[in-house]
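Q: First the structure, then my questions, so here it is.
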Amino acid sequence: MRAMAESSPPLSPRHWPTWLAIAFGWALARAPLWLHRAIGPSLGAVLYRVLGSRRRAAATNLALCFPELSDAAREDLLRRNFRALGLGVFEFLRAWWGRLPAPSECELTGLEHLEAARAGGRGVILVSAHFTTLEISMRLLCQHIPLAGMYRPHEQPPMEWAVRRGRLRHAVAMFARDELRPVIRYLKQGGLLWFAPDQETRRGDSVFVPFFGQPAWSLTSTHQLARLSGAAVLPLFHERLPDGRYRIEVLPALADFPSRDATADTARVMATLESLIRRCPEQYLWLHQRFKRQPDGSKRRYD
């Protein structure tokens, strides 16, 4: 699987600006961890100001998902979310091209649930949500288990090459979201797969199920992968602690999953991810237009 990272990089002159950006990101990834933690919140404050459309999307999502909060409380949550995003930018870069925090910087619990699920050589799907700690937590987890990932490829070929190569320094494999047959084969062989099915996508079989009390167009992929491979499905939670360390928690496997009902299973997965997000809402990627597609065929305005 790792050989996929050894393909030739796209070096056409039209890609040179992207390569310059990658070089800058690589240099930032090598900066000291204390510097990342010091300037990350300030970067988040800048992003709050300059990413107007993303800020409005996040504010809309928070209003839909937390109607019980006052306007002031939601605004405070939004600002904390962007500070977490600023830290997450540096963590993404570090996860791809930099050095990991020391082992003492990570608290990992729940591996006994993973080992129980793997009994008899069964494959495992770790379902998580798109938190700002996503990349750094997956890389930290790769130090303890042979983990593969499923992801959406980058549109820019140089970025796709560089990020995939960076991930494959630690993951045993990376599968694009349309590579279903290789994923199923990998799971049938007892592989461990990380997957985050909480964002809307144009591709893949999807259904409307509740998510924070809103109808959300959601991938049925977790149901399909578990049904076709026989893999167990375990929720995975990760967060950045107040002191800068990380906590990763593997939760017990979903019982009696999958069922014969793809919609019911998808609703169950979304409810599980919602419960994880509620534990640490300020670190979730709210800037995604999660509820844009509506059941009546209309599009929710996010501007």
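The values are calculated or read from the model by the stated rules, or taken from the named source; none is laboratory data. In this text the structure is predicted, and so the values were computed from the model without any measurement. Neighbour counts run over all protein chains shown; Cβ positions are idealised from the backbone, glycine included. Just the protein is used for accessible areas: all its heavy atoms, side chains included, with ligands, DNA and RNA removed. Shrake-Rupley method; radii C 1.70, N 1.55, O 1.52, S 1.80 Å.
Q: Using a 1.4 angstrom probe on the protein heavy atoms only, could you order Asp198, Asp178 from most to least accessible area?
A: Asp178, Asp198
Q: Could you give the dipole magnitude of segment 198-248 about its Cα centre, charging the beta-carbon of Lys and Arg +1 and that of Asp and Glu -1, in debye to the nearest 20?
A: For this selection, approximately 120 debye.
Q: Here's something else I'd like to know. So if I take the centroid of the Cα atoms in segment 195-218 and the same for segment 128-147, what is the distance between those two points in Å?
A: Each part reduced to its Cα centre gives a spacing of 22 Å.
Q: Next question. Given H placed on each backbone N at 1.01 Å, which residues far from Leu147 in sequence or on other chains put an amide H within less than 5 Å of it?
A: Hits under the 5 Å cutoff: Val172.
Q: Another question, if that's okay. What list of ³J(HN,Hα) couplings, whole Hz, do you get for segment 295-300 from phi and the Karplus terms 6.51, -1.76, 1.60, once you set θ to phi - 60° and write x for glycine and proline?
A: x, 7, x, 7, 10, 6
Q: Next up: Using a 10 angstrom cutoff on alpha carbons, build the Gaussian network for the chain and name the most mobile of Phe24, Phe131, Phe82.
A: Phe24
Q: For the chain, with the dipole built from +1 on Lys and Arg beta-carbon atoms and -1 on Asp and Glu ones, taken about the Cα centre, which of Leu241, Val209, Leu11 lies farthest toward the positive end?
A: Farthest towards the positive pole: Leu11.
Q: Where the convex hull is taken over the Cα atoms of segment 86-205, what is its projected area averaged over directions, in nm²?
A: Approximately 8.2 nm², given one-decimal rounding.
Q: Near Arg118, within a Cβ-to-Cβ distance under 14 Å, what is the net charge of the other residues, with Lys and Arg +1 and Asp and Glu -1?
A: Result for the local shell: 0.
Q: Given (i) 32, 23, 18; (ii) 27, 26, 20; (iii) 46, 24, 16, which label gives semi-axes √(5λ) of the Cα gyration tensor in Å as computed from the coordinates?
A: So the calculated entry is the one marked (ii).
Q: What whole number of Å gives the distance from the Cα centroid of segment 1-70 to the Cα centroid of segment 247-265?
A: Here the answer is 30 Å between Cα centres.
Q: Using amide H atoms built in the peptide plane, which far-off residues or other-chain residues are under 5 Å from Phe211 H to H?
A: For Phe211, whose amide H was placed from the backbone, the distant partners under 5 Å are Ala216.
Q: With each pseudo-label sitting 7 Å past Cα toward Cβ, what's the Leu11-Ala31 distance in nm, one decimal?
A: Distance between the two pseudo-spin positions: 2.9 nm.
Q: Could I ask something else about it? Over the chain, average the accessible area per residue using a 1.4 Å probe and give it in Å², no decimals.
A: With the other protein chains kept in place, the chain gives 47 Å² per residue.
Q: So for the pair Glu68, Val50, with labels modelled 7 Å out along Cα→Cβ, what separation do we get in nm?
A: 3.8 nm
Q: Next up: When the accessible area of the chain is computed with all protein chains present and a 1.4 Å probe, what percentage of it is carbon and sulfur?
A: 56 percent
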